[in-house]
């Protein structure tokens with residue numbers, strides 16, 4: 001007789017609900033000993049049914065109770081035989097790349113080997129891939145034989161994917177016993193945001209080995225500026241003795257302060273200023289600026305909320321940006337910029353990146369916070385918007401709607 005589809009679906013849902021309820025019960029701390037027993041919910045039901053049937057048979061001599069008891073014991077014995085073994089299995093998980101661009105495919109393979117002298121029964125390998133899971137059926141393995149199976153995952157978003165740890169699962173036909181072994185090996189795979197490195201060199205000062213002279217006069221540096229009369233408290237090591245002998249008065253050297261081109265990036269994380277697509281565009285812009293600076297040998301400091309990284313390589317900056325997310329109760333962007341500038345006063349290039357929740361007029365005001373000798377660019381990420389740019393080279397505002405607009409926006413500036 002054919003079972004109606006609605007009845008079959010209802011039975012499947014009932015089994016799933018029962019397993020979920022059983023897992024919740026097993027998670028209780030006082031049932032730690034029970035969790036070590038590999039019986040499933042159905043297995044415990046069969047076991048308890050057999051145990052309850054024993055006194056019923058002894059007290060009332062019920063033949064049905066005896067049949068239930070022996071049937072339950074037989075089913076459990078058969079389940080134990082089907083799930084026994086597997087101690088000689090070795091398992092390895094390998095990935096081809098642990099650094100990917102968004103949209104690339106994560107490719108890896110699972111290698112299982114039977115190191116024992118007897119055949120290994122078939123089982124299932126459960127491999128977590130971030131939020132997803134791949135089930136790989138492992139066939140019966142003869143002694144000293146190995147099995148390799150590839151797996152793939154299409155990356156769709158910026159994230160850090162934890163591959164593994166893998167689990168081997170042995171389960172009987174009736175689903176009474178489920179033996180799970182968890183392997184320790186795992187891999188962290190970074191899925192980078194999209195970025196472009198074709199932005200050229202972003203600098204407020206041309207870089208060289210000694211640094212570049214600014215207009216700030218100091219008493220000690222590398223670039224000579226002028227001489228002045230000695231004053232009480234000055235460092236005598238900078239006295240110009242030839243001019244002192246010529247004038248009869250102590251003369252002191254003055255220097256121009258030199259600075260290295262240092263790039264400061266401040267990324268707004270306030271969720272009130274973004275939609276999700278806008279935030280991803282802002283992260284991509286930050287990644288592009290970071291990669292462009294570091295590939296040209298320019299030191300970089302990146303502020304994202306309360307997190308700070310002083311990156312020496314593009315990989316370190318991209319790893320950092322892969323895990324950046326919007327944060328609730330984040331401070332207002334202008335306060336964040338002030339805090340960053342207080343710690344990075346010697347930076348010569350400043351990029352401020354925010355979302356459409358901050359108006360262009362407000363962004364223009366924030367871009368006035370850095371000192372006048374710091375080349376500042378305000379970038380407003382508004383997904384799907386038309387490109388617009390304003391300002392002069394030392395104070396410019398950009399509104400981009402997609403990443404491909406960023407190189408063009410940085411190449412030219414329209415007047416206010």
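The values are calculated or read from the model by the stated rules, or taken from the named source; none is laboratory data. On a predicted model such as this, the values are computed, not experimentally measured, just so you know. Because the Cβ atoms are built from the backbone with ideal geometry, glycine has one as well, and the counts that use them run over all protein chains shown.
Annotations for the structure displayed:
- Search result, residues across the stretch 390-407 that are touching a strand residue (DSSP E or B) at 6+ places or on another chain (Cβ under 9 Å) and modelled with pLDDT under 85: 390, 391, 393, 394, 395
- Test: residue 345 is assigned to a loop (DSSP other than H, G, I, E, B), over 26 Å from the mean Cα position of the chain (by Cα), under 19 Å from residue 290 (Cα atoms) and assigned by TED's automatic domain parsing to the domain that holds residue 287: yes
- Every condition in (1) part of a loop (DSSP other than H, G, I, E, B); (2) free of Cβ contacts under 8 Å to residues at least 60 places away in the same chain is met by residue 126 except one, and the failing one is (1).
- Members of the stretch 375-389 found to be over 18 Å from residue 194 (Cβ atoms), surrounded by fewer than 21 Cβ atoms within 10 Å (Cβ to Cβ) and touching a strand residue (DSSP E or B) at 6+ places or on another chain (Cβ under 7 Å), listed by number: 388, 389
- Condition check for residue 66: part of a helix (DSSP H, G or I), outside the structural domain of residue 172 (by TED's automatic domain parsing) and at pLDDT 70 or above: yes
- When the residues of the stretch 164-182 are filtered to those that are part of a loop (DSSP other than H, G, I, E, B) and at pLDDT 85 or above, the one that is surrounded by the fewest Cβ atoms within 10 Å (Cβ to Cβ) is 165.
- The stretch 270-305, residues that are over 19 Å from the mean Cα position of the chain (by Cα) and on the phi > 0 side of the Ramachandran plot: 297
- Selection of strands (runs of 3 or more DSSP E) fully inside the stretch 224-334 by the criterion of at least 2 residues being closer than 19 Å to residue 363 by Cβ returns 263-267, 300-304.
- Any hit, the stretch 315-337, residues being surrounded by 15 or more Cβ atoms within 10 Å (Cβ to Cβ), closer than 17 Å to residue 304 by Cα, modelled with pLDDT under 85 and in contact with a strand residue (DSSP E or B) (Cβ under 6 Å, 6 or more places away or on another chain): no
Here is a yes/no grid of residues against (1) closer than 15 Å to residue 181 by Cα; (2) touching a helix residue (DSSP H, G or I) at 6+ places or on another chain (Cβ under 7 Å); (3) at pLDDT 75 or above:
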site: 75; (1), (2), (3): no, yes, no
site: 87; (1), (2), (3): yes, no, no
site: 93; (1), (2), (3): yes, no, yes
site: 122; (1), (2), (3): yes, no, yes
site: 125; (1), (2), (3): yes, no, yes
site: 128; (1), (2), (3): yes, no, yes
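- Residue match in the stretch 104-111 (condition: surrounded by 16 or more Cβ atoms within 10 Å (Cβ to Cβ), at pLDDT below 85 and either in a strand (DSSP E or B) or under 36 Å from the mean Cα position of the chain (by Cα) (or both)): no
- Residue count for the stretch 142-156, restricted to those that are in contact (Cβ under 8 Å) with a residue 40 or more places away in the chain and either surrounded by 11 or more Cβ atoms within 10 Å (Cβ to Cβ) or in contact with a strand residue (DSSP E or B) (Cβ under 6 Å, 6 or more places away or on another chain) (or both): 7.
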